[in-house]
Amino acid sequence: MKKNTLRIIIIAIAAILLIGLIVFIKSRLSRTAEDPEAGLIGDNQSYVEVFIGETPISEYYILNKGAGTANAELLQGYIRKLTGHLLNISSQEQEGFKSIKLEIVKDTEAKFSDLTIDGGYITLRAKNSADMKKQVSFFANAYLGYEFAGSEREKIIAKSGEALYLPMSEIDTAGNDWIERREPIICLWKTTSPRGCLYNPNTNLSSELMSYSDEDLYTYVKMMKRLGYNGIQVTDMCSAWAAYGSYEYVHDRLRFMADAAHSMGMNYTLWVWGAEFNGYGWNDKDVDYYDNWKYGHAYDNPKSVETFEKYYDIYAQLADCSDRMIMHFDDPGNLVSSEDIAYFSKIMREKARAVNPDIDFGISCYTKKQDPWSLDPLMEGDTTYYIGIRHTEEDGWGDFRSYLRDNGMTYGVWSWNLTEMEIDQLAEMNVNSKLIKKAYTLTSEEDHISKPSYWSEMDSYHVLNIFSHYVAASLLRDPSLNEQWLLRESAKAVVGEEYADKLYDVLTLIEDARSGDSWEEFKWGYEEYILTSKDYPAEDINKRAKEAIKYLDEMIDADIEGGTLPLPVSTTELLEMIRPHILQIESFSKFRMELSKLESKAESLSKEELQSEVEKIYTPVPEFDVIIGLWGQTESRAQFELLSEFCKRNELEVPRDPAFTKLRKDRLFSEYEVFQKLSDEPVYRGKDTGFQFGLAYGKEETEYLTGLLIDEGLLSETEDGKVYITDYKNY
């Protein structure tokens, strides 16, 4: 009996000790609201610090509102693995502490945003437990430095010892967004050789997306998510295949981007050249659509049909990872009639649907060259159409919207040259908040007819285009927001509050110096075009450019941390990428000031004196390491145009810089090469229009440069004025 009593006592003591040990361990592993440091696991220096505003995530708790224990613990595990902190889970609100709330909402309730951050309080919503599990993984990928969380590819890509900064608030309209689906158009012109022409070895490769590592490419997609987009659109075109060696390599990168987007709850759109399978460096001698005129319709040409089938099979390889597909037929494109466009579009639709029955299939009509009134009946429905935007009062789409409404059809917007210039012609860093706001306001005036459910904006300059995209993505959610406030918010998201005003000043300088306030000031070809306009504010721009360089140098030296936007490059590297653009603006504004002074005293100088003076003020604006399109650096192009006009008015010789002239000749000849690669016979072009239709340099200058190449023997001219590569077989 005594032995049994002793045994019971020993067991009781052991149980008490065991319970005490369990309580102790739990107290060490579970951080409570009252003891924010109790949950620290190991040496925190080997982890990643996460801040929401200035508050460390270790001071948060997880508020579980019907989301299930497993989902709350999943989020808890993601945070612990990343930061070393184990957040407390509670079903009740903890007064005085901020929460990450997981909330199940009923199907009948109003539509909610998937995620909101308001005053530092984070809320994830879903309709059921399964969707909440996805939401938690999406959150880990978009905000917590993970890649492919919730899959076998899961890993942390945030660097140990560094910090992640989440915003205190993000724009949220509780599901009442102006545009439901918003995507950047990630354009795949190669930054070193747009259009497959002359290679520029000086180009900074920090925007060369197709050469990014997996982690950097994933971060780029994540950046688009954080800017406010809920999908990405990527252009699949033979120019990219040529630039990177094969379509297989490009498709591997595009598939990775699709996977990245889907891992963050974003959609993925595949945009394809619907009738352009040759040129731009991609040389397939079997391509045939040049003789279609002999047949009346391209679909009557057996070789043409064979060509389309071949390339549509290539596009269809990505249908399984695409949520939508957009066919592009105009510029470039080799189909004209609605009958041909509909015939081949239906072939592509059938191939895509064979792989992915749910893919949203559509055709771009943004230039109005595709006539929807004749095209749509031929497509027999089941097609989404993509229209353009209103840059001016005259750019209306009311008739088309009415047609789509009356026929119960959905449609989207495909916006081009609004957030920036396309880099294949005039490449430059742009900041276009004012233009974006005006275009959205004008376009929305037709919403009473019918409203688009989808919108995409061009992303061609990539990393340096993020400020315009911040404004665009935000206004697509809530167009009533002030665009200048948004632009400053974009600066804060990159460099933090301390330097936000200085970066904002840099950005507004770029906007005023390169874009102006209207479409006519931004787009080359108009009399009001800002770079050649008589109203260009040279003195103000020059003064601000000098200040902007000081601000950039200060921020670069500070090696800034604290921005909330994930970037595929460091903040310092991004600022260093902006700097040469400011130097170009400064150089051009100085030239404009000197030219203005020269114009004011032109009548008082002799012709010889004026010739001497004009030569003194001309030094071409440098190209530096920025992306340069086929037309050359934008300010240097405008500079030479203004100089030439001045000399012509005053009967002077135009000063010629040998290096500048050589660059122009090289770019001109390189386009001759690109077209010659498509043929075994001489390819003839016009002397004044053979390069970019004479638009890049003007017809007179194009003819002059072509003449120099003829004098050098690289080009030859026929008796009737046609020009071709002299040694067209061995060039």
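The values are calculated or read from the model by the stated rules, or taken from the named source; none is laboratory data. None of these values were measured; they are calculated from a predicted model. Here Cβ is always computed from backbone atoms with ideal geometry, including for glycine, and neighbour counts include all displayed protein chains.
Some notes on this structure:
- Flag if residue 330 is within 22 Å of residue 413 (Cα to Cα), buried (at least 17 other Cβ atoms within 10 Å of the Cβ), in the same structural domain as residue 216 (by TED's automatic domain parsing) and modelled with pLDDT under 95: yes
- Index of the failed condition, residue 160 passing every other in (1) more than 30 Å from residue 629 (Cα to Cα); (2) surrounded by 21 or more Cβ atoms within 10 Å (Cβ to Cβ); (3) of a type in the set (Gly, Ala, Ser): (2)
- Checking residue 520 against (1) in a loop (DSSP other than H, G, I, E, B); (2) outside the structural domain of residue 408 (by TED's automatic domain parsing); (3) not hydroxyl-bearing (Ser, Thr, Tyr), the condition it does not meet: (1)
- Taken over region 570-605, residues that are among the aliphatic types (A, V, I, L, M) and either assigned by TED's automatic domain parsing to the domain that holds residue 205 or not in a helix (DSSP H, G or I) (or both) amount to 1.
- Qualifying residues in region 448-489 (those that are acidic (Asp, Glu) and not in a helix (DSSP H, G or I)) - the one farthest from residue 232 (Cα to Cα): 478
- Number of the exception - residue 441 against (1) part of a helix (DSSP H, G or I); (2) crowded, with 19+ Cβ neighbours inside 10 Å; (3) not charged (D, E, K, R): (2)
- Exclusive hit being over 16 Å from residue 470 (Cβ atoms), surrounded by 19 or more Cβ atoms within 10 Å (Cβ to Cβ) and not assigned by TED's automatic domain parsing to the domain that holds residue 223, set 195, 181: 181
Results for (1) in contact with a Ser or Thr (Cβ under 6 Å, 6 or more places away or on another chain); (2) in a loop (DSSP other than H, G, I, E, B), shown as yes or no for each residue.
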{"site": "511", "(1), (2)": "no, no"}
{"site": "532", "(1), (2)": "no, yes"}
{"site": "535", "(1), (2)": "no, yes"}
{"site": "541", "(1), (2)": "yes, no"}
{"site": "554", "(1), (2)": "no, no"}
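- Any hit, region 639-653, residues being acidic (Asp, Glu) and without any contact (Cβ under 8 Å) to a residue 40 or more places away in the chain: yes
- Residue match in region 516-532 (condition: among the small types (Gly, Ala, Ser) and closer than 30 Å to residue 652 by Cα): yes
- When residue 453 is tested against (1) in contact with a Lys or Arg (Cβ under 7 Å, 6 or more places away or on another chain); (2) modelled with pLDDT of 95 or more, only condition (2) is not met.
- Hits in region 525-567 - residues which are buried (at least 19 other Cβ atoms within 10 Å of the Cβ) and in contact (Cβ under 8 Å) with a residue 60 or more places away in the chain: 531, 555, 560, 563, 564, 565, 566, 567
- Counting only strands (runs of 3 or more DSSP E) that sit wholly inside region 46-156, those with at least 1 residues that are within 26 Å of residue 261 (Cβ to Cβ) are 49-52, 99-104, 115-118, 121-126.
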